[in-house]
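Shown next, in structure tokens, is the structure this report addresses.
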Amino acid sequence: MNFWKFDLRKVGVIGSLLFILVLLATLNLYASAYTVIFITSIFMYIILTVSWVIFSGPTGYISLATAAFFGVGIYTAAILGTVFPLPVVVLIGALASFCFALLVGALTLRLKGIYFAMFTFGLVELIKHFLLWYEIKFTGTRGRFVILVDNNTIYHYMFLILVVLLITSYLIRRSKYGLALLSIGEFEDAAAHIGVNVNLMKTIIFAVSAAFIGAAGSIMATRWTYVDPYIAFNFLYSFLPVLMAIFGGMGQIYGPVLGAVIFAYLEEILITEFPYYYMLILGFILLVVILYLPNGLLGLIEKGYARLKGKRYVNP
């Protein structure tokens, strides 16, 4: 009897997921143009947040290089958009971010704690100002024009990237590599002693997460007529995924998704209603979450569910 209940529950979960996927895949057929654009932005934030959590969640390494990989993808589209078809541009953007992260990870992932966070944030600023200097000095311009793509095409590309990312994140979490990452986060020296190739593992997963960020940057660039280093390498793309992950909670894969969706919606509402104070309000909300919800919204949901079942909630 328990076996059949378990199977039926799994079928229900899978059926619900398939229904949601079909609903999202066909959303552009019946939704307004504004809704399609807004949901595309939410997809972008989910991709940035889940990609960040793939590496930083289990290892505890706080990477602030998201904007660097996102900007690499954006500039890939700006430079190659007139040369190659869109699918090739997106793949090249993902590959470029992967290779760049592989290099950065190999050189810097021996750093720990605040030193790694400071370096990755400095990397964003370094690339931004180097590109600005290069364009002004050698091309006589600031920024580049981007080939525009219709919103429905962008929506479907972002949706496809998101689905592949979620599957990849799930497989990593369920694999021996996910266990290795967790062991690195718990006690890195002990992980190395039991046979985990710590530096290689951190570098590969860091690069894999960057590939999805670069792919998202390549397709999002086609929404804008013009990009420059300040647009492409905006430091907010480094900080917002961290805040969204904390807001949602990182215990399960749906925590960062939940945080990104709610945070993106709040950002849209606050920008519209309080354009001069929305960052202040968001900061206050996050302060409350960090102080009173250390495990994010996911922890609050799990705690409520445990109380409903009459069980004791244990912090992960």
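Laboratory data are not the source of any read-out in this text; all were calculated from the coordinates shown. Quick caveat: nothing in here was measured; it's all calculated off a predicted structure. We place every Cβ from the backbone using ideal geometry, glycine too, and count neighbours over all the protein chains shown.
So, in the stretch 76-96, exactly how many residues are of a type in the set (Ser, Thr, Tyr) and buried (at least 24 other Cβ atoms within 10 Å of the Cβ)? So that I can check it myself, show each step before the final result.
First, the residues of the stretch 76-96 that are of a type in the set (Ser, Thr, Tyr): 76, 82.
Retained after the next criterion (residues that are buried (at least 24 other Cβ atoms within 10 Å of the Cβ)): 76.
The qualifying residues number 1.
On inspection, Gly217 qualifies as in a helix (DSSP H, G or I), closer than 18 Å to Leu91 by Cα and out of contact with any Lys or Arg (no Cβ under 7 Å at 6 or more places or on another chain).
Total residues in the stretch 270-293 satisfying the condition of being over 17 Å from Leu236 (Cβ atoms) and among the β-branched types (Val, Ile, Thr): the figure is 4.
Could you list, in sequence order, all residues of the stretch 151-190 that are touching a Ser or Thr at 6+ places or on another chain (Cβ under 9 Å), surrounded by 21 or more Cβ atoms within 10 Å (Cβ to Cβ) and closer than 20 Å to Val53 by Cβ? Result: Met158, Leu165, Ser169, Leu181, Ile184. Evaluated against (1) touching a helix residue (DSSP H, G or I) at 6+ places or on another chain (Cβ under 6 Å); (2) under 17 Å from Gly57 (Cβ atoms); (3) in contact (Cβ under 8 Å) with a residue 60 or more places away in the chain, Phe239 falls short on exactly one condition, (1). When the criteria are applied in full, Leu165 meets the requirement of being of a type outside the set (Val, Ile, Thr), under 14 Å from the mean Cα position of the chain (by Cα) and within 30 Å of Pro85 (Cβ to Cβ).
Here the helices (runs of 4 or more DSSP H) wholly within the stretch 150-212 that include at least 1 residues being under 30 Å from Ile37 (Cα atoms) are 151-174. Among the residues of the stretch 117-149, those identified as crowded, with 16+ Cβ neighbours inside 10 Å, assigned to a helix (DSSP H, G or I) and of a type in the set (A, V, I, L, M) are Ala117, Leu123, Val124, Ile127, Leu131, Leu132.
Considering only the stretch 222-231, I want to know if a residue exists there that is without any contact (Cβ under 8 Å) to a residue 12 or more places away in the chain and within 30 Å of Leu111 (Cβ to Cβ).
Keep residues of the stretch 222-231 that are without any contact (Cβ under 8 Å) to a residue 12 or more places away in the chain, which gives none.
No; the residues of the stretch 222-231 include none that is without any contact (Cβ under 8 Å) to a residue 12 or more places away in the chain and within 30 Å of Leu111 (Cβ to Cβ).
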